[in-house]
Amino acid sequence: MKKKPASKSAFFNPRVLISLAFCAIGVLLALLANVSFGTPIPVNVYRLQGPVRKLVHALGGPVANLLAAVVFGVVLRVLQAQGGFVSFATQLEPPIVYVTNIVYAIFFLNLSTFAFQLLPIPGLDGWRVVEAIFRDRNPRFFFNVASRTQMIWWIAVLIVFFGPYLVHFDILGAVVGIFFQPASSAILGQCAGYTTLNPCPLSARF
């Protein structure tokens, strides 16, 4: 059977497309906001001895995003105390409002990335946490899931994009909100959403 060229098969891989999009956004943020993110450095997790080391490795990225969100959340609360507020309006605002908007955008980006990465979907850190804890008990199951990762991602992408039109419900916001809402409430005292994503189904937007 003739194999497809690696470049063509990679182009139709949703994980590759999402990774390229995130890298582009990361470069843009590095230029505009002095903060960035990108694809993780490849690490052979099978060379990590014991579930504890694998668990620490899996949680490294989300914890880094959470710490960044805490820092910018504290800055945001200081700006609010000085009269700053988040505004999605297009009219002219005082300079402190623009600074507050930028800080809030960085806070939201880091916290939403933290919450998204913790989802137990193959390829994300949340799945690596599950794998680190349970792989030794049922290695065959995780092998089967790994062989179907691309199919799982296609299904997830279809659900995220077309699900809201069928059920009239923000599926991505609700799922990300599992981790986003308690973290945002702990940092800011309330759950803070954004214009295009509302991971706060049980409370109002910021």
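What's the number of the only condition in (1) free of Cβ contacts under 8 Å to residues at least 12 places away in the same chain; (2) within 18 Å of GLY193 (Cβ to Cβ) that VAL78 fails to meet?
VAL78 satisfies every listed condition except (2).
Kindly indicate whether any position in the stretch 122-129 is part of a loop (DSSP other than H, G, I, E, B) and closer than 22 Å to ALA68 by Cα.
Yes, the stretch 122-129 has at least one match.
With LEU59, LEU92, LEU66 as the choices, which residue is farther than 25 Å from ALA183 by Cβ and hydrophobic (A, V, I, L, M, F, W, C)?
Answer to the selection: LEU92.
Testing ASN65 on (1) modelled with pLDDT under 85; (2) under 16 Å from the mean Cα position of the chain (by Cα), one condition comes back false. Which one is that?
Checking ASN65 against (1) modelled with pLDDT under 85; (2) under 16 Å from the mean Cα position of the chain (by Cα), the one that fails is (1).
Is there any pair with a first residue in the stretch 81-94 that is of a type in the set (S, T, N, Q) and a second that is modelled with pLDDT of 70 or more whose Cβ atoms are under 6 Å apart and which are 6 or more apart or on different chains, and what are they?
Correct list of pairs: SER87/GLU93; SER87/VAL97.
Which residues, taken from the stretch 78-106, are under 25 Å from ALA174 (Cα atoms), over 17 Å from the mean Cα position of the chain (by Cα) and part of a helix (DSSP H, G or I)?
The answer is ASN101, ILE102, VAL103.
From the residues in the stretch 128-173 that are surrounded by 11 or more Cβ atoms within 10 Å (Cβ to Cβ) and among the basic types (Lys, Arg), which one is nearest to the chain's Cα centre (by Cα)?
ARG128
When only residues in the stretch 107-127 that are buried (at least 22 other Cβ atoms within 10 Å of the Cβ) and over 9 Å from the mean Cα position of the chain (by Cα) count, which is farthest from PRO182 (Cα to Cα)?
Within the stretch 107-127, the match that is farthest from PRO182 (Cα to Cα) is ASP125.
Quick one: in the stretch 146-195, of everything that is of a type in the set (A, V, I, L, M, F, W, C) and assigned to a loop (DSSP other than H, G, I, E, B), which residue is modelled with the highest pLDDT?
We begin by selecting, within the stretch 146-195, every residue of a type in the set (A, V, I, L, M, F, W, C); these are 146, 151-162, 166-167, 169, 171-172, 174-176, 178-180, 183, 186-188, 191-192.
Next, only the ones that are assigned to a loop (DSSP other than H, G, I, E, B) stay: 169, 191-192.
On the way: PHE169: 77, CYS191: 83, ALA192: 73.
Going through the qualifying residues, I end up with CYS191.
The values are calculated or read from the model by the stated rules, or taken from the named source; none is laboratory data. Quick caveat: nothing in here was measured; it's all calculated off a predicted structure. Don't worry about glycine lacking a Cβ; one is built from the backbone with ideal geometry, like all the others, and counts go over all protein chains shown.
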